[in-house]
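The values are calculated or read from the model by the stated rules, or taken from the named source; none is laboratory data. The shown structure was predicted, so the numbers you read here are calculated from the model rather than taken from an experiment. Cβ coordinates were reconstructed from backbone atoms using ideal geometry, including for glycine residues, and neighbour counts include every protein chain displayed. Side chains are part of the model used for accessible areas, which takes the heavy atoms of the whole protein and leaves out ligands, DNA and RNA. Shrake-Rupley method; radii C 1.70, N 1.55, O 1.52, S 1.80 Å.
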Amino acid sequence: MTVPQRHPFLDDLAEDVVLHSSILPAPVSGRAEVLRVVKAGGSLYRRQIPTFLGNIEGRGIFEYDIELTDGSAARGLVSMVRNGSGEVTQLHITFSPQGAVLAMAQALAAPPVLP
């Protein structure tokens, strides 16, 4: 798969974007806060390999395999809802398997990543 020149969603976040994720205890709102949390999550990746990027019934989908910094494997799935201007207003990021979800959630919960 060819890696896109632009990031699949970070370049297009609306100011009022809302992020829901399987590794967060609650949704995160606002462009700056969502960027901070997504970048913190990405810091847990040693390697990311895109496997699918496309649209299904108006929703953007990005799927990728991950090697985490601890050497374990995971898979990420991102669903993006865009407004009429093309900005991402809803972002859903999930991971599997459960062990990776729990490890990533624990890593993000450690200060200073999440308040």
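For this structure, a couple of remarks:
- Verdict on residue 25 being open to solvent by 80 Å² or more (accessible area, probe 1.4 Å), part of a loop (DSSP other than H, G, I, E, B) and either under 22 Å from residue 108 (Cβ atoms) or of a type outside the set (A, V, I, L, M, F, W, C) (or both): yes
- Being acidic (Asp, Glu) and surrounded by 18 or more Cβ atoms within 10 Å (Cβ to Cβ) holds for only one residue in 16, 12, and it is 12.
- Complete set of residues in the range 50-60 that are open to solvent by 30 Å² or more (accessible area, probe 1.4 Å) and without any contact (Cβ under 8 Å) to a residue 40 or more places away in the chain: 55, 56, 57, 58, 59
- When the range 69-86 is filtered for residues that are surrounded by 15 or more Cβ atoms within 10 Å (Cβ to Cβ) and either part of a loop (DSSP other than H, G, I, E, B) or more than 14 Å from the chain's Cα centre (by Cα) (or both), only 82 remains.
- Any hit, the range 97-107, residues being open to solvent by less than 30 Å² (accessible area, probe 1.4 Å), out of contact with any Leu (no Cβ under 8 Å at 6 or more places or on another chain) and at pLDDT 95 or above: no
- Checking residue 39 against (1) assigned to a helix (DSSP H, G or I); (2) surrounded by 12 or more Cβ atoms within 10 Å (Cβ to Cβ), the condition it does not meet: (2)
- Filtering the range 53-67 to residues that are of a type in the set (A, V, I, L, M, F, W, C) and under 14 Å from the mean Cα position of the chain (by Cα) leaves 53, 61, 62, 66.
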